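Chemist: Starting off with a structure, shown below.
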Amino acid sequence: MDVRVALDVSAVPIQVAGAGRYVVEVARRLPAAGVSTVLVTRRHDAQRWREWSPESVVASIVPDARIGRLAYEAWLLGVSGAARNADVWHAPHYTMPRRSPTPTVVTIHDLTFFTNPEWHERSKVAFFRRAIRHSAIHADVLISVSDFTARQLTELVPNHAPVVVAPHGVDLERFNTDASFDDELFEQFALARDVRYIFFVGTLEPRKGVDVLLQAFGDLAKVDPTIELWLAGQRGWGLVELDRAMARHSAAARIHNLGFVDAALLPALLRQAKAVTYPSRGEGFGLPVLEAMACGATVVTTGATVMADVAGDAAILVPAGDGAALAEALATVVALSDGERERRGRRARRRAESFTWDSSLSQHLVAYEMARGRS
């Protein structure tokens, strides 16, 4: 594709998850699609991007501190050499430069800053509401990561720019059903291999439903004396009550917080779990559900959300916030026979295979062409 794209990767944190994973996957694939790619990074964050996307040009021009980064993006980044020399500027995380002559594409992940502000830090709600409204109206093209988000966008900001829906993909080579080396990985990271556990992975914050999971696990632990709960993911915000609930939990000794786990270990944790659960109250996409299904895991997640759209008939759905329903579903999954677990695992894998990063990237290329055509 004969187009020069500047991709702003400056908001991706050191520990990559969720929206950050999306940005990495796009950055890795753009040059192979024939796109002349410039990755715009923070000033001291160039090396990992050179490793992830060696055929891209790296422009390390954005201040490292968050406040400085946002101010620089708003008033200076759009008129930088990286922007002026590009055919398209891609802002992959809601915000965009306030001043820029370059056709701009903005990715909108979710609209929960509008629909459920209580799920976010108060300061971020005000900032991202303004940013999303501005981007929705002033960008040349918007990318939505799901039909679910696209529908909400039309309801909340009806006079928005054209939208291209580009669902996330999954790395089907990394997240796979081959358990040949799982024992070695568990040993390498000092994890017991003979433990029956329920697994959750995601940033720990109010909307993820970990409070509901703790309630459900308490019910399950009363009737199953050996089952454990393993939590993985970085710490987010609003964790005071969650930390107290974990410390006071009736089965606290069987709850293990693994923190942010190594990329090599995560697929093994998904494969070996008796159940993978993602009881989030709402997301823009819910990538952990897709990654778990790619590993052949039996997933329990929330209905009437985008996760239900992603999972199709390959996961068990429960109402958001319903601890009793979640406990019942987890008990059912934990008790599955090996044969039934394998059958469900094959169905989950087939569903996951319909989501690829190459397919997602093809929609990004459509968005870039649309933006360039509108200039």
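A short reminder: the numbers here are calculations on the coordinates, not readings from a lab. Nothing here was measured: the structure is a model prediction, and the numbers come from that model. For neighbour counting, all protein chains shown are included, and Cβ atoms are generated from backbone atoms with ideal geometry for every residue, glycine included.
Chemist: Sort the following peptides by mean Cβ neighbour count (other Cβ atoms within 10 Å, averaged over residues), highest first: 271-278, 65-72.
Modeler: On the way: 271-278: 24.8, 65-72: 14.0.
Put in order of decreasing packing, that is 271-278, 65-72.
Chemist: Given a Förster distance of 45 Å, report the FRET efficiency between Arg374 and Ala304 from their Cβ-Cβ distance, rounded to the nearest 0.05.
Modeler: Values: r = 35 Å, r/R0 = 0.78.
After rounding to 0.05, the efficiency reads 0.80.
Chemist: If you average 1/r across every pair of different Cα atoms in the range 10-50 and take the reciprocal, what Kirkwood value do you get, in Å?
Modeler: Working: mean 1/r = 0.0921 Å⁻¹.
The Cα-based Kirkwood calculation yields 10.9 Å.
Chemist: While we're on this one: Pull out the extension gain between Ala126 and Arg235, defined as 0.36 nm times the separation in residues minus the alpha carbon to alpha carbon distance; nm, one decimal.
Modeler: Details: separation 109, 0.36 × 109 = 39.24 nm, distance 2.20 nm.
In short, 37.0 nm is gained.
Chemist: Turning to a different aspect of this structure: Antiparallel DSSP bridges in the chain: what percent, to the nearest 5? It would help to have the intermediate numbers written out before the result.
Modeler: Values: 0 of 42 bridges.
In the chain, approximately 0 percent of DSSP beta bridges are antiparallel ones.
Chemist: HN-Hα J couplings of the range 222-234 from phi, Karplus 6.51/-1.76/1.60, θ = phi - 60°, integer Hz, Gly and Pro as x?
Modeler: Using θ = phi - 60°, the values come out as 5, 10, 10, x, 10, 5, 10, 10, 10, 10, 10, x, 6 Hz.
Chemist: In vacuo Debye scattering of the range 182-352, one point per C-alpha: log10 I(q)/I(0) at q = 0.12, 0.13, 0.17, 0.20 Å⁻¹?
Modeler: Listed by q, the Debye log ratios stand at -0.48, -0.57, -1.03, -1.51.
Chemist: Give me the one-decimal nm value for the distance between modelled label points at Ala252 and Arg66, 7 Å along each residue's Cα-to-Cβ direction.
Modeler: Here the answer is 2.9 nm between the modelled labels.
Chemist: What are the extents of the Cα atoms of the range 267-375 along their three principal axes, listed from largest to smallest and rounded to whole Å?
Modeler: Extents along the principal axes: 57, 29, 21 Å.
Chemist: Name the residue, out of Leu336, Leu30, Leu361, whose mean-square fluctuation peaks in a Gaussian network model built on the chain with Cα pairs under 10 Å.
Modeler: In the Gaussian network model the winner is Leu336.
Chemist: Got a sec to turn the phi values of the range 174-191 into Karplus ³J(HN,Hα) couplings, 6.51 cos²θ - 1.76 cosθ + 1.60 with θ = phi - 60°, whole Hz, x for Gly and Pro?
Modeler: Once θ is set to phi - 60°, the couplings for the range 174-191 become 6, 9, 9, 9, 7, 9, 4, 10, 5, 4, 5, 5, 4, 5, 4, 9, 6, 10 Hz.
Chemist: Okay, moving on. Using +1 at the C-beta of Lys and Arg and -1 at the C-beta of Asp and Glu, which of Thr226, His168, His138 has the Cα lying farthest in the positive direction of the dipole of the chain?
Modeler: It is His138.
Chemist: What fraction, in whole percent, of alpha-carbon pairs in the range 168-282 exceed 19 Å separation? Intermediate results must be reported in sequence, preceding the final value.
Modeler: Working: 3077 of 6555 pairs.
It works out to 47 percent of all Cα pairs.
Chemist: Quick one: which residues, 5+ away or cross-chain, put their amide H under 5 Å from the amide H of Gly284? H built at 1.01 Å from N.
Modeler: Hits under the 5 Å cutoff: none.
Chemist: Next question, about the same structure. Among Thr149, Thr154, what is the fewest-to-most ranking by other Cβ atoms within 10 Å? Intermediate results must be reported in sequence, preceding the final value.
Modeler: Values: Thr149 25, Thr154 14.
Least to most surrounded, the residues fall as Thr154, Thr149.
Chemist: Expressed in nm to one decimal, what extension gain is obtained for the pair Thr115 and Ala263 from 0.36 nm per residue of sequence separation less their Cα-Cα distance?
Modeler: On the way: separation 148, 0.36 × 148 = 53.28 nm, distance 3.22 nm.
Contour length minus Cα-Cα distance gives 50.1 nm.
Chemist: If amide H atoms are built 1.01 Å from N in the plane of the peptide, which residues on other chains or at least 5 residues away come under 5 Å of the amide H of Val170?
Modeler: Thr356, Trp357
Chemist: Can you give the percent of C-alpha pairs in the chain whose distance is more than 40 Å?
Modeler: Values: 10817 of 70125 pairs.
Result for the distance tail: 15 percent.
Chemist: For the chain, what does -39500 (n - 2.57) per DSSP helix run (n ≥ 4), summed and divided by total residues, give at 222 nm, in deg cm²/dmol to the nearest 500? Let's see the in-between values first.
Modeler: Working: 16 runs with 157 residues, N = 375.
Calculated from helices alone, the mean residue ellipticity at 222 nm is -12000 deg cm²/dmol.
Chemist: As a footprinting exposure proxy, order Phe128, Phe285 by other Cβ within 10 Å, with the fewest listed first.
Modeler: Working: Phe128 20, Phe285 24.
Final ranking by Cβ density, sparse to dense: Phe128, Phe285.
Chemist: What is the extension gain from Ala74 to Glu340, computed as 0.36 nm multiplied by their sequence separation minus the C-alpha to C-alpha distance, in nm to one decimal? Please report the intermediate quantities before stating the final value.
Modeler: Numbers: separation 266, 0.36 × 266 = 95.76 nm, distance 5.33 nm.
Computed gain between Ala74 and Glu340 is 90.4 nm.
Chemist: Let me ask something else. How far apart, in nm, are two points set 7 Å out from the Cα along the Cα-to-Cβ line at Asp178 and at Arg84?
Modeler: It works out to 5.0 nm between the two label points.
Chemist: For the chain, set up a Gaussian network in which alpha carbons nearer than 10 Å are linked by springs, and say which option among Ser123, Ser56, Ser80 fluctuates the most.
Modeler: Ser123
Chemist: Looking at the range 273-375, which GluC sites (Glu not before Pro) are in a loop (DSSP not H, G, I, E or B) and have at most 14 other Cβ atoms within 10 Å?
Modeler: Listed in order of number, the matching sites are Glu353.
Chemist: What are the ³J(HN,Hα) values, in whole Hz, obtained from phi via the Karplus relation 6.51 cos²θ - 1.76 cosθ + 1.60 with θ = phi - 60°, for each residue of the range 62-77 in sequence order, with x given for Gly and Pro?
Modeler: 9, x, 6, 6, 4, 4, x, 5, 5, 5, 5, 4, 5, 10, 10, 5
Chemist: Please express the shape of the range 100-169 as an equivalent ellipsoid: the semi-axes are the square roots of 5 times the eigenvalues of the C-alpha gyration tensor, given largest first in whole angstrom. The partial results should precede the final answer.
Modeler: Working: eigenvalues 74, 45, 23 Å².
Over the Cα atoms of the range 100-169, the semi-axes work out to 19, 15, 11 Å.
Chemist: Would you mind getting me the FRET efficiency between Trp52 and Gln15? Use the beta-carbon distance for r and R0 = 22 Å, nearest 0.05. Mind showing how you got there, number by number?
Modeler: On the way: r = 14 Å, r/R0 = 0.66.
E between Trp52 and Gln15, to the nearest 0.05, is 0.95.
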